[in-house]
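The values are calculated or read from the model by the stated rules, or taken from the named source; none is laboratory data. Keep in mind the model is a prediction, meaning the values are calculated, not measured. Quick reminder, even Gly has a Cβ in these numbers, built from the backbone with ideal geometry, and neighbours come from all protein chains shown. These area figures cover heavy atoms from the full protein model, side chains too; ligands, DNA and RNA do not enter into them. Shrake-Rupley method; radii C 1.70, N 1.55, O 1.52, S 1.80 Å.
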Amino acid sequence: MTNPGGKDGGASRPEAMIELKDLTKRFPGQKQNAIDGLTLEIPTGEIVIFVGPSGSGKTTTLRMINRLIEPTSGRIILEGDDVTSVNPDKLRRRMGYVIQQVGLFPHLTIAENIATVPKLLRWKRDRINTRVEELLDMVGMEPATYAKRYPKELSGGQRQRVGVARAMAADPPVILMDEPFSAIDPITRGRLQNEFLQLQTQIRKTIVFVTHDIDEAIKMGDRIAILDDRSHIAQFDTPETILSAPANAFVEDFIGSGASLKRLNLTRVTDVPLVDWPTANVSADRESIRERLLRSDKGSVLLLDDEHRPVRWVNAGDLDRSDEPLLETGLSATPAIEQQATLFDSLNEMLNSLQGAAAVVDQEGAYKGVIDIETIGAAIRTMRGEARQRYRGEEEQQTGGLESREEPES
Amino acid sequence: MRDFFDYLWQRRDHLFDLAVAHAKIVLTAIAIAIVISILVGVLVYRRPRIAAFVLAVQGASLTIPSLALFGLLIPIAGLGYRPVLIALVIYALLPITRNTVTGLRGVDPAVLESAEGMGMGRLRRLLRIELPLAWPVILTGIRVSTVMILGIAAIGAYVDGPGLGRDIFDGLARIGSPTAVDLVVGGTLGVIVLALLSDVFYFLLGRLTTSKGIR
Ligand SMILES: Nc1ncnc2c1ncn2[C@@H]1O[C@H](COP(=O)(O)OP(=O)(O)OP(=O)(O)O)[C@@H](O)[C@H]1O
Ligand SMILES: [Mg+2]
């Protein structure tokens, strides 16, 4: 990726949207800095996650970016401009802000809530109306149904969607989000996370996202800043690198056990090669199925229905029990895995089904291939290798090393 | 009973005039008290100590018996309309100020944080967010004040103030004569009717001026 117009030249990383330079905050009457010399570059168009234990200063840092909290010292640079002492209200209209409690205005309708910043910016009424409808559509809420409602008439998940829409209303380049999904039940949270990631592929905003949940950080982040006490950066890197090469014991501790398992959330089924499995139609006769089984090195055959949807796994033993209909033997192959699912979901399905493999289907539910424990093992090895290389590559760049990056592992 | 209704019917124009004068002075006092109280409330609600002090002073003034306050105001404001108006304003302050402070403090901090985070300035937050959200509580204070000073205004006739108190005091002055009871009951009934009307008025006003989202 090139960097046209980049100010610092040379580096291949995208230009920083936000730069925090030696940012410090000491609250009145306290002996210690709450934030202590934080320096960080937030690249344009990426989701950067602040994650860390309670009290580490994530919220304080975020609120210093839009100057809801004024830094004691240090500089904030937005799109190359020093905004440390510009009019804070004007600055805030260039940054969306979403908080855990959402904070919708209860006396205003959903449409009026979303229109807040455009009104502050004195947009024309027509333009505001069009934009409000567009945003409601974007967050998956039918404008005709919801525009005129009041916040109390929405569910928690819907309120958070409106909160996101409101933050994006005037199309700000930056959106700050403080634990936006953490007050929501796990199922809705997962759905909101996916929708938001989907949205981000279209809007490509620069997003600073605070969470205390490392799993959410891994799922949502292009980069993760793991913050220790007083916002000291323990590690700032991609989720892959943080999982495979934690910088220190604090990070390791914070990731917790099961880093390999968590890494499985980073890879989607579409990213790995699927295994060819012997298949047969459910109505095929037992002899031809048995033949297929013998010709393959797999221990079972996957039965598909007439629409090519996976139905059951059957092995030699199942085929011998001739008194039982085929559809009642073997192990169920449903629910099958969709291609957008992560390897983590797949592994979960494999363990549930006792089969040690899971059938993968396309959007119509038709069989695409199989993912098995071997696939997942291979993916883990690849990720580890890549991360290690990336990690070494950066070290070489920093020390000006000229050796090949392709150097084999020893 | 029959006689009393005859009395009301004969004196209907007179009673109506008294009621209008009564309502006028009360409404004027309430209007002045609203302006003062909301201003004071807005100024003090973020400063707990000053707020406590202001509310204590207003609370103390409420405990002065109304007859005494009217008397105290005679040297300053003379007789008639003025001392009554001043006293009514003083009595009306506490409920409105207290409810303004309570209402403004009751606004969800998350709502204020998001308003500030979106770039709404101090004044805009106050006018667009805080006061509208505090309004139902403030309106309750206004309603309480109104009912309270409707009663107190009647006593204003003691210092020659306007309103239904005149008939009440006339009646009291001639206790024993045949019309005394009619005068007192007629005036009192007028005050009660005004109080009921004001309740209906505030109920409708509340409906009209409170957003559906916070009802
Ligand atoms: N207004 C304030 N006055 C004084 N101290 C504060 C203030 N706000 C935060 N702090 C202190 O600063 C530190 C960082 O707080 P902050 O809210 O940023 O933590 P956090 O990482 O967001 O934690 P959490 O995960 O619990 O939200 C804490 O020690 C907190 O007590
Ligand atoms: Mg926080």
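If the segment from A:R122 to A:E79 were pulled out straight at 0.36 nm per residue, it would be longer than the present Cα-Cα gap by 13.2 nm. P(r) tail, the range B:2-214: Cα-Cα pairs separated by more than 27 Å, 42% of all pairs. Residues within the reach of a label modelled at A:E374 (point 7 angstrom out along Cα to beta-carbon, backbone nitrogen below 15 Å), restricted to the range A:251-273, are A:273.
Here is the interface size for B with A: some 1900 Å² of accessible area buried, both sides summed, with a 1.4 Å probe. For the pair B:R82 and A:D222, a Förster radius of 60 Å applied to the C-beta separation gives a FRET efficiency near 0.25, rounded to the nearest 0.05.
Enter the accessible area per residue of chain A (Å², integer; probe 1.4 Å; all protein chains in place).
Here the residues of chain A average 49 Å² of exposed surface.
With 0.36 nm allotted per residue and the present C-alpha distance subtracted, the A:N248-A:H308 stretch has 16.7 nm of extension available.
A dipole drawn for the range B:2-214 from +1 and -1 charges on Cβ atoms has a positive end, and of B:V40, B:G80, B:I96 the residue lying farthest that way is B:V40.
Ranked by the mean number of other Cβ atoms within 10 Å per residue, highest first, peptides A:221-232, A:346-357, A:312-323 order as A:221-232, A:346-357, A:312-323.
Which residues of the range A:124-155 bury at least 20 Å² of accessible area once all protein chains are present, versus their chain alone (1.4 Å probe)? When all protein chains are present, A:Y150, A:K152 each give up 20 Å² or more of accessible surface. For the set A:W277, B:W9, B:W135, solvent exposure ranked by accessible area (probe 1.4 Å, protein chains only) runs largest to smallest as B:W9, B:W135, A:W277.
Based on the reciprocal of the average 1/r between different C-alpha atoms, the Kirkwood radius for the range B:88-191 equals 16.5 Å. For chain A, the residue among A:A284, A:M138, A:P335 whose Cα projects farthest onto the positive side of the dipole built from Cβ charges is A:M138. Dimensions of the range A:176-236 from C-alpha coordinates, computed as largest minus smallest value along each principal axis and given longest first, are 31, 26, 17 Å.
Whole number please: convex hull volume per residue of the Cα set in chain A, in Å³? Could you put the intermediate results ahead of the total?
Values: hull volume 80.6 nm³, N = 410.
Roughly 196 Å³ of hull volume per residue.
Annotation: peptides A:151-159, B:24-32, ranked by per-residue average of other Cβ atoms within 10 Å with the highest first, follow the order B:24-32, A:151-159. Extension gain, B:L67-B:R105: 0.36 nm per intervening residue step, less the Cα-Cα distance, totals 10.2 nm. When the other protein chains are added to the chain by itself, burial of at least 20 square angstrom of heavy-atom accessible area (probe 1.4 Å, ligands and nucleic acids ignored) affects these residues of the range A:59-103: A:R63, A:L68, A:D89, A:R92, A:R93, A:Y97, A:I99, A:Q101, A:G103. Solvent exposure of the range B:2-214 amounts to 50 Å² per residue of accessible area, where only protein heavy atoms count and the probe is 1.4 Å.
For the range A:166-291, the equivalent ellipsoid built from the Cα gyration tensor has semi-axes of 38, 22, 13 Å, listed from largest to smallest. The string of couplings for the range A:338-349 from the Karplus curve (6.51, -1.76, 1.60, θ = phi - 60°) is 7, 5, 7, 5, 8, 4, 4, 4, 5, 4, 4, 5 Hz, one whole number per residue in order, with x for Gly and Pro. Going 7 Å from the Cα of B:Q10 in the Cα-to-Cβ direction, what parts of the range B:157-187 have a backbone nitrogen less than 16 Å from that spot? What the label zone holds, given the 16 Å backbone N cut-off, is B:171, B:177-187. Expressed as a whole percent, the accessible surface of chain B that belongs to carbon and sulfur atoms is 70, based on a 1.4 Å probe.
In the range B:110-124, comparing the full protein assembly with the chain on its own, the residues that lose 30 Å² or more of accessible surface at a 1.4 Å probe are B:A110, B:V111, B:E113, B:S114, B:E116, B:G117, B:M118, B:G119, B:M120, B:R124.
Tell me, what is the FRET efficiency for A:I203 and A:S332 to the nearest 0.05, using R0 = 35 angstrom and their Cβ-Cβ distance as r?
With R0 = 35 Å, the Cβ-Cβ based efficiency is 0.30.
Taking only the Cα atoms of the range A:48-111, the radius of gyration and Dmax are 13.9, 40 Å. Measuring nothing but protein heavy atoms, the accessible surface of the range A:247-292 at 1.4 Å probe radius is 48 percent carbon and sulfur. Placing unit charges on each Cβ (+1 for Lys and Arg, -1 for Asp and Glu) gives chain A a dipole about its Cα centre, and among A:F27, A:T375, A:A259 the Cα reaching farthest toward its positive end belongs to A:F27. Model label sites at B:V200 and B:K24, defined 7 Å from Cα along the beta-carbon direction, differ in position by 2.2 nm.
Counting Lys and Arg as +1 and Asp and Glu as -1, each charge on the Cβ, what is the dipole of the range B:2-214 about the Cα centre in debye, to the nearest 20?
Dipole magnitude for the range B:2-214 comes out near 820 debye.
Under a model in which nothing but the beta-carbon of Lys, Arg (+1) and Asp, Glu (-1) is charged, the protein assembly as shown shows a dipole of about 3900 debye around its Cα centre.
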